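As structure tokens, the structure follows; a few thoughts come after it.
The values are calculated or read from the model by the stated rules, or taken from the named source; none is laboratory data. Predicted model, so just to flag it, every value in this text is computed and none were measured. We place every Cβ from the backbone using ideal geometry, glycine too, and count neighbours over all the protein chains shown.
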Amino acid sequence: MIVYSFAWRRNGHSPCNVRLALAAKRILESSAEPILIMAQRSIADVLREMGVECHVVKKRPGYEGSEEVTRQATPLFRESKITKVIPVAQPFLQLTKCITLIRGEGFRTESFWSLAKMVGWIGFDHLSVQPATRGPLVCLAYTVWQILTEYRPPEEQSEP
């Protein structure tokens, strides 16, 4: 499982990241098989507070994005002989991107609809440091801008 953060706050947990951590915990507890978890730092903090063990994405220079999270999870999963990955991400646009990144690394995933049902409603955070995570319209505009221009937000919008 890879748990991608959405809507980072400098102080305290974003409600979106709490909901993502709760979704990851729910999926973990409902599985008959053991699940290896890789999580971004803000999600890992919430998971640990909930008593869930996970591997943590290491901070690299620049804006991290979903690409770096997937890049860091890939060798761990390959080493562990994992062939199927559960992305836990904001279903509104981010989940589609994460599925594409994971499949691009050669792993299998459930369908978008199955994953969206597992994850549930995540919402947005108007207090997020990241403008693209404050609401659906700005998230849509950001996604289109990123696709057309390969835009990367400044590093100060990436969680520490």
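Taking the conditions (1) farther than 21 Å from Ser14 by Cα; (2) in contact (Cβ under 8 Å) with a residue 40 or more places away in the chain in turn, Phe92 satisfies each one other than (1).
Residues in segment 104-142 that are farther than 19 Å from Val85 by Cβ, β-branched (Val, Ile, Thr) and either in contact with a Phe, Trp or Tyr (Cβ under 8 Å, 6 or more places away or on another chain) or buried (at least 17 other Cβ atoms within 10 Å of the Cβ) (or both): Val129, Thr133.
Candidates are the residues of segment 1-25 that are in contact (Cβ under 8 Å) with a residue 40 or more places away in the chain and in a helix (DSSP H, G or I); the one that is nearest to the chain's Cα centre (by Cα) is Leu20. Going through (1) modelled with pLDDT of 90 or more; (2) of a type outside the set (Asp, Glu); (3) more than 20 Å from Arg10 (Cβ to Cβ); (4) within 16 Å of the chain's Cα centre (by Cα) one by one, Leu137 falls short only on (4). Checked against (1) modelled with pLDDT under 95; (2) exposed (fewer than 15 other Cβ atoms within 10 Å of the Cβ); (3) not small (Gly, Ala, Ser), Glu68 passes all but a single condition, namely (2). Against the conditions (1) surrounded by 17 or more Cβ atoms within 10 Å (Cβ to Cβ); (2) not in a loop (DSSP other than H, G, I, E, B), Leu148 satisfies every one except (1). Would you confirm whether any residue within segment 26-40 is hydrophobic (A, V, I, L, M, F, W, C), assigned to a helix (DSSP H, G or I), buried (at least 23 other Cβ atoms within 10 Å of the Cβ) and without any contact (Cβ under 8 Å) to a residue 40 or more places away in the chain? Scanning segment 26-40, I find no residue that is hydrophobic (A, V, I, L, M, F, W, C), assigned to a helix (DSSP H, G or I), buried (at least 23 other Cβ atoms within 10 Å of the Cβ) and without any contact (Cβ under 8 Å) to a residue 40 or more places away in the chain, so the answer is no. So for segment 102-117 (the condition being in contact with a Lys or Arg (Cβ under 9 Å, 6 or more places away or on another chain), among the acidic types (Asp, Glu) and without any contact (Cβ under 8 Å) to a residue 12 or more places away in the chain), does at least one residue qualify? No.
Determine, yes or no, whether Ala89 is buried (at least 17 other Cβ atoms within 10 Å of the Cβ) and small (Gly, Ala, Ser). Judged against the criteria, Ala89 is a match.
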